[in-house]
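Engineer: I am attaching a structure below and will ask some questions about it afterwards.
What follows draws every value from the coordinates through simple rules; no lab data is involved. Small disclaimer: the values here were computed from a predicted structure and weren't measured. Glycine gets a Cβ as well: all are built from the backbone with ideal geometry, and neighbour counts include every protein chain shown.
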Amino acid sequence: GAVVSQHPSRVICKSGTSVKIECRSLDFQATTMFWYRQFPKQSLMLMATSNEGSKATYEQGVEKDKFLINHASLTLSTLTVTSAHPEDSSFYICSARSVTSFYEQYFGPGTRLTVT
Amino acid sequence: QKEVEQNSGPLSVPEGAIASLNCTYSDRGSQSFFWYRQYSGKSPELIMFIYSNGDKEDGRFTAQLNKASQYVSLLIRDSQPSDSATYLCAVIGTSYGKLTFGQGTILTVHP
């Protein structure tokens, strides 16, 4: 149980284009989903918290107009990187928190984004 | 001061030994503490969580929490080469439900 999927697992795009990453909780309902970014040899940095049906809350320093988050249902959240640049190349990981457990987060497998 | 601090290592132990990983946190109001394992190129996987002072054991893993000292540790008994990974300490502080990660400790278990 508690499986989270992400799609795509890997994406290469050209500078200036937009990329959408999906995060799905497959066997549970998630009121809250989190989006993280991880650069090589660094830890996970929280980008934003999204709650179903409401606007995402972004961490300080994260551009909300660049990283668009939509959490339209209890099983799906999307992150759109708009006008991507090479410095946005990173490992993007989502996690989901079950409606039945406040503390435990289940991580997706991650999406490797490369912007050329 | 970082919110969650770990020794980045690398920590190298021989197969069969006990690996000891340490973590300190700054938010005294923190309530929940987690240890994740992350293999290179993969996302983190939860190993253990602990909420109360003392020890919590699960198989070869023991988490220890001392809230007075703001310290949490993970012991891995009978270490195996497959335990070689980066171990991330994470804390839920007073910020609503948000996990804050340490920088991770690289563990290498050599045969």
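Engineer: What number of residues within the stretch B:31-43 satisfy the criterion of being surrounded by fewer than 20 Cβ atoms within 10 Å (Cβ to Cβ) and assigned to a loop (DSSP other than H, G, I, E, B)?
Structural biologist: 5
Engineer: Quick one: would you say B:N66 is under 14 Å from B:C23 (Cβ atoms), free of Cβ contacts under 8 Å to residues at least 40 places away in the same chain and surrounded by fewer than 18 Cβ atoms within 10 Å (Cβ to Cβ)?
Structural biologist: In short, yes.
Engineer: Let me ask something additional. Considering only residues that are among the small types (G, A, S) and surrounded by fewer than 21 Cβ atoms within 10 Å (Cβ to Cβ), look in the stretch A:6-30 and name the one that is nearest to the chain's Cα centre (by Cα).
Structural biologist: A:S9
Engineer: Looking at B:S73, is it farther than 17 Å from B:V109 by Cβ, buried (at least 17 other Cβ atoms within 10 Å of the Cβ) and away from chain A (no Cβ under 14 Å)?
Structural biologist: Spelling it out, B:S73 is indeed farther than 17 Å from B:V109 by Cβ, buried (at least 17 other Cβ atoms within 10 Å of the Cβ) and away from chain A (no Cβ under 14 Å).
Engineer: If we scan the stretch B:13-20, do we find a residue that is in contact with a helix residue (DSSP H, G or I) (Cβ under 8 Å, 6 or more places away or on another chain), more than 12 Å from every other protein chain (Cβ to nearest Cβ) and surrounded by fewer than 18 Cβ atoms within 10 Å (Cβ to Cβ)?
Structural biologist: yes
Engineer: Given the criterion farther than 30 Å from A:S5 by Cβ and in contact with a strand residue (DSSP E or B) (Cβ under 8 Å, 6 or more places away or on another chain), identify the matching residue among B:S79, B:S84.
Structural biologist: Criteria check complete, one pass: B:S79.
Engineer: For the stretch A:31-50: of the residues being over 11 Å from the mean Cα position of the chain (by Cα) and over 18 Å from B:Q6 (Cβ atoms), which is farthest from the other protein chains (Cβ to nearest Cβ)?
Structural biologist: Per the criteria, the residue is A:T31.
Engineer: Right, next: Out of the residues in the stretch A:40-70 that are of a type outside the set (S, T, Y), farther than 20 Å from B:S43 by Cα and free of Cβ contacts under 8 Å to residues at least 12 places away in the same chain, which is surrounded by the most Cβ atoms within 10 Å (Cβ to Cβ)?
Structural biologist: A:K55
Engineer: So which residues in the stretch A:71-113 are more than 13 Å from A:S25 (Cβ to Cβ), away from chain B (no Cβ under 13 Å), touching a residue at least 60 places away in the same chain (Cβ under 8 Å) and not hydrophobic (A, V, I, L, M, F, W, C)?
Structural biologist: Within the stretch A:71-113, A:T80, A:T82, A:S83, A:H85, A:P86 meet the criteria.
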